[in-house]
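Presented below is the structure to which this report refers.
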Amino acid sequence: MNSLFIVKGQGTFLFKDTSPSIKLRFTNSEQNKILTVIMNEYVKVYCDGHEYVDPNNNIGTVETHGSYYWISINAQTQQIFVGIGEARIETVIYQCIIPNHKLFLENLVSVHYEETTNMYKTFKDPISPNVPLVVKNTDDLTMEDIATNRFMPKAYLSETSQKLYECISGKKFILNEDDFPDFSKAIEYSIATPGLWCHEKLISKSREFNPNVSNIKETYLRITLGQNMGESPGIPYVMEIWPPGHYSPIHSHAGASAIIRVLHGTIHVKLFPFLCSNHDKVEPFGKADFTKDEITWISPNLNQTHQLVNQHNKTCVTIQCYMYEDNNVRHYDYFDYLDDYGNKKKYEPDSDMDYVSFKNRMRMEWDNRKSI
């Protein structure tokens, strides 16, 4: 079986394989020379009779649930990268430079593989050195920001993500508006007070992700804005409320694009190379704290699998925005996660209450607090 390069001499190939030994052969149009990548206990790369060894490589194929692999080829830099999970520099397990073969690499056109290999995505570009997590608008970017690659320019996002960004990034898109300046305090009060809506709703959700074991910490509130338009997993705009110490399970985002803005407090995000359970002991490849008004992003291929944790003593409120790209025809209406036993489960992103009703409820509870 074989797949073609989109652009000769460069690209990234994502594939799955359940066999303990994987072999891929990359060839030029004349097929007079072969670049071979073999994965078993380690990664081995051969070209023109020479083996290229990465002294830091100590892993090859793995048996971990949900894992997959990728290979990136860049003829311009003559670099080969191999990784597990999302195709990015943080998940690399092997890298090498193949000197004096630039002309051969520039003419690579196809990759050949066994029937056990599922080559399910091919990208025209090799992986990037670094992918910033925080998005900034044009007016907020400096020359230093671009030179150091510290932030993701909004213009680099897909059209779908830019649409979401424009909807929630404005200066007036805030939690504590003039008509209810104590909104965040009212939410904190409702969470902390038995009998009030937030407190009781969180208790009722304590078995949401594991029906057999109650875990109040693995809960958060979902307050929806607008209606389900059929273009996202669930309602596209959701305000999520994270009390101190609360967290989500490790979950993936159904191949949707997303924009996340912090409206109040701080949220800690752990990024994982693929969907795994805590029992898999897969370490996150990235961790970051996002504070008020910072915006991060998810694409169909990057930042898809994460866990959100409120590690602070103040409630965090975020706005999560989801939408499928135009070329997505599946429109899977769930987020996948693995339960405490490693079983893959579907979570339907439902609504705990709509935003207008929730705000009115918080206002009522706040106004009546002295009589409770």
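Every number here is computed from the coordinates shown, using simple stated rules; none is lab data. Values in this document were obtained by computation on a predicted structure and should not be read as measured data. Positions of Cβ are generated from backbone atoms using ideal geometry, with glycine treated the same way; all protein chains shown enter the neighbour counts.
Gain on full extension, evaluated as 0.36 nm per residue between Glu177 and Tyr355 minus their Cα-Cα distance, stands at 62.7 nm. Pick out which of Glu218, Glu63, Glu86 has the largest mean-square fluctuation in a Gaussian network model of the chain, springs linking Cα atoms closer than 10 Å. Residue with maximal mean-square fluctuation among Glu218, Glu63, Glu86: Glu63. Near Leu202, once Lys and Arg are set to +1 and Asp and Glu to -1 for all other residues with Cβ below 14 Å from its Cβ, the sum equals -1.
If the viscosity is 0.692 mPa s and the temperature 37 °C, what translational diffusion coefficient in µm²/s does Stokes-Einstein give for region 80-172 when Rh comes from Kirkwood over Cα pairs? All intermediate terms of the calculation are to be shown ahead of the outcome.
Values: Rh = 16.9 Å.
Translational D for this selection: 195 µm²/s.
Here Val329, Val111 are placed in order of increasing Cβ neighbour count within 10 Å, fewest first, which gives Val329, Val111.
Kindly state, to the nearest 0.05, the FRET efficiency for Glu166 paired with Tyr332, given R0 = 25 Å and r defined as their beta-carbon distance. If you can, show how the numbers build up before the last one.
On the way: r = 25 Å, r/R0 = 1.00.
Calculated value: 0.50.
Comparing Ala186, Ala147, Ala155 in a Gaussian network model of the chain where C-alpha atoms under 10 Å apart are linked, the largest mean-square fluctuation is found at Ala147.
Can you put Glu231, Glu240, Glu159 in order, fewest other beta carbons within 10 Å first?
On the way: Glu231 15, Glu240 19, Glu159 9.
Ascending number of Cβ neighbours within 10 Å: Glu159, Glu231, Glu240.
Can you sort Lys345, Lys370 by how many other beta carbons sit within 10 Å, fewest first? Let's see the in-between values first.
Working: Lys345 16, Lys370 5.
In order of increasing Cβ crowding within 10 Å: Lys370, Lys345.
Using the structure shown, select from Lys8/Lys102; Lys8/Lys154; Lys185/Lys217; Lys185/Lys270 the pairs with a Cα to Cα distance greater than 18 angstrom. Before the final figure, lay out each step's value.
Numbers: Lys8/Lys102 12 Å; Lys8/Lys154 29 Å; Lys185/Lys217 20 Å; Lys185/Lys270 27 Å.
Violating the 18 Å Cα-Cα cut-off are Lys8/Lys154; Lys185/Lys217; Lys185/Lys270.
If R0 equals 56 Å, the separation of the Cβ atoms of Asn2 and His199 corresponds to a calculated FRET efficiency of about 0.45.
Count the DSSP beta bridges whose two residues both fall in the chain, then state the antiparallel fraction as a percent rounded to the nearest 5.
Details: 86 of 90 bridges.
In the chain, approximately 95 percent of DSSP beta bridges are antiparallel ones.
Do any chymotrypsin sites (Phe, Trp or Tyr not before Pro) in region 291-355 lie in a DSSP loop with no more than 11 other beta carbon atoms within 10 Å, and if so, which?
Details: sites: Trp297, Tyr322, Tyr324, Tyr332, Tyr334, Phe335, Tyr337, Tyr341, Tyr347, Tyr355; in loops: Tyr324, Tyr332, Tyr334, Tyr341.
Passing sites in region 291-355 are Tyr341.
Computed 3J(HN,Hα) for region 107-114, one whole-Hz value per residue from the Karplus formula 6.51 cos²θ - 1.76 cosθ + 1.60 where θ = phi - 60°, is 10, 5, 10, 8, 10, 10, 8, 7, glycine and proline marked x. May I ask you to list the residues of region 1-17 whose amide nitrogen lies under 19 Å from a point 7 Å from Cα along the Cα→beta-carbon direction of Glu115? Answer for this model: 1-3, 16-17. The alpha carbons of the chain stretch over 84, 49, 37 Å along the principal axes, in descending order. What residue among Asn278, Asn28, Asn56 has the largest mean-square fluctuation in a Gaussian network model of the chain, using Cα springs under 10 Å? Answer for the Gaussian network model of the chain: Asn56. Per-residue ellipticity at 222 nm from helix content only, as computed over the chain with -39500 (n - 2.57) for each DSSP H run of at least four residues, stands at -4000 deg cm²/dmol. With each label modelled as a point 7 angstrom along the Cα→C-beta vector, the Ala155-Gln76 pair spans 1.8 nm.
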